[in-house]
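Take a look at the structure set out below.
The values are calculated or read from the model by the stated rules, or taken from the named source; none is laboratory data. The structure presented is a predicted model; accordingly, all values stated were derived computationally and were not measured. Reconstructed Cβ throughout: ideal geometry from the backbone, glycine too, with neighbour counts over all protein chains shown. Each accessible area value is taken on the protein alone, full model and side chains, heavy atoms only, with ligands, DNA and RNA left out. Shrake-Rupley method; radii C 1.70, N 1.55, O 1.52, S 1.80 Å.
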Amino acid sequence: MSNSEHLANVMVQCFIDAVNDGVDLVPVVADSTSTSKIKPFVDLFPGRLVNVGIAEQVMVGTAAGLALAGKVAVTCNAAPFLISRSNEQIKVDVCYNNTNVKLFGLNSGASYGPLASTHHSIDDISIMRGFGNIQIFAPACPVECRQIIEYAIRYEGPIYIRMDGKALPVLHDAEFQFTAGEPSLLREGRQVVICALGSVVHEAVAAADTLKEDGLDVAVVNVSSIRPLNRQSLANQLSDADYVISVEEHNVNGGLGSVVAELMAEQGMTAKLVRLGVEDGGYAAAGDRSYTRKMLSIDSAGIVMVCQQLVHETLV
């Protein structure tokens, strides 16, 4: 595997490997063959892909039907359309009925940049957390992505995997082993603990490395498993911190920021918490993604600034 790889390519290779290993896996797309980069799979297994056209509700319902027939059904399309257009089908056909469907939300967050709020997915985690009986993951790098998908294919039941829309560098070494529910510590530190998910984990790591050069002790925790979540493991990583920052390309309500806030309140933690992401009642800016992240202070420079303000007690 190269140092950087598009997570959709990782996804498709996992599908190919699964079918070659005898898994009766069927991808279902909503005219999203390009978005899902599914062509290598179709070339190898013609007739196995189901394309329902631009009809996300039908896509999810079809996947649920395939799962009830004994298939491992996987849906592959853009996260904003999967979550918004097929909300009821996910809730009822997949979650309530506990069907063996794996939902891949591609190009999540503000991946689509200039296409703006119609194409941004900044509420998918909060919506999925509101549904029962579905596991939720957000891989941060190709190594982790592959292991999460391999786990998802083996697991019997509904899963949502939030996927970024660009190539991401590898964060984990060859010894890394993904365990559902377990947050992974990428940088050690005590003054500030940064919790992040998805592609902004890279921004958090870069910020921590910069702050270390300035003499600040900053930890980075990758929370790729939203449900299940070993809450005690995350609490242990936060317990000695003076300050905690959550970072996500998602609304601060209902996503990782809410997970961290709930945990800290339940544990009676006194560390100051700052939640970085799309503000309450707001939207991600329409424009280049780097601009959007800068405006939200979820790029590495913004995270550095917030950390420095916190430690020096000048954050207002």
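Structural remarks
- Cα gyration tensor shape of segment 208-316, rounded if a/c is under 1.5, else prolate or oblate by comparing a/b with b/c: oblate
- The chain, relative contact order [Cα under 8 Å, separation at least 6], %: 17
- Where the alpha-carbon atoms of segment 209-269 are placed on the principal axes, they occupy 34, 26, 17 Å, in descending order.
- Within-15-Å neighbourhood charge of residue 131 [Cβ basis; K, R +1; D, E -1]: +1
- Surface composition of the chain: carbon plus sulfur atoms hold 48% of the accessible area, using a 1.4 angstrom probe and ignoring ligands, DNA and RNA.
- For segment 21-63 versus segment 144-165, the inter-centroid distance based on Cα atoms is 16 Å.
- The gain in end-to-end length when the residue 267 to residue 233 segment is fully stretched comes to 11.0 nm, 0.36 nm per residue minus the alpha carbon separation.
- Reduced Cα scattering model of segment 59-103, Debye log10 I(q)/I(0), q = 0.29 Å⁻¹: -1.04
- Dipole size of the chain about its Cα centre, with +1 on Lys/Arg Cβ and -1 on Asp/Glu Cβ: approximately 640 debye, rounded to the nearest 20.
- If you look at the Cα atoms of segment 175-256, you get an Rg and a Dmax of 12.2, 36 Å.
- By average C-beta atoms within 10 angstrom, highest first, the peptides 12-20, 57-65: 57-65, 12-20
- Entry note, the chain: the mean residue ellipticity at 222 nm calculated from DSSP H runs of n ≥ 4, each adding -39500 (n - 2.57), is -11000 deg cm²/dmol after division by the residues and rounding to the nearest 500.
- Fraction of the pair-distance distribution of segment 120-210 above 23 Å, Cα-Cα pairs, percent: 28
- Protection proxy ranking for 79-85, 101-107, using the average of other Cβ atoms within 10 Å per residue and placing the highest first: 101-107, 79-85.
- Cα gyration tensor of segment 1-144 - equivalent ellipsoid semi-axes, whole Å, descending: 21, 20, 15
- Taking a Cβ cut-off of under 12 Å around residue 79, the surrounding Lys, Arg, Asp and Glu residues balance to a net charge of -3, with basic ones at +1 and acidic ones at -1.
- Surrounding net charge for residue 247, when Lys and Arg each add one and Asp and Glu each subtract one, Cβ distance under 12 Å: -2
- In summary, the lysines within cross-link reach of residue 91, defined as a Cα separation below 27 angstrom excluding same-chain residues under 8 places away, comprise 37, 71, 102.
- Segment 1-134: relative contact order in percent, alpha carbon pairs under 8 Å with at least 6 residues between: 22
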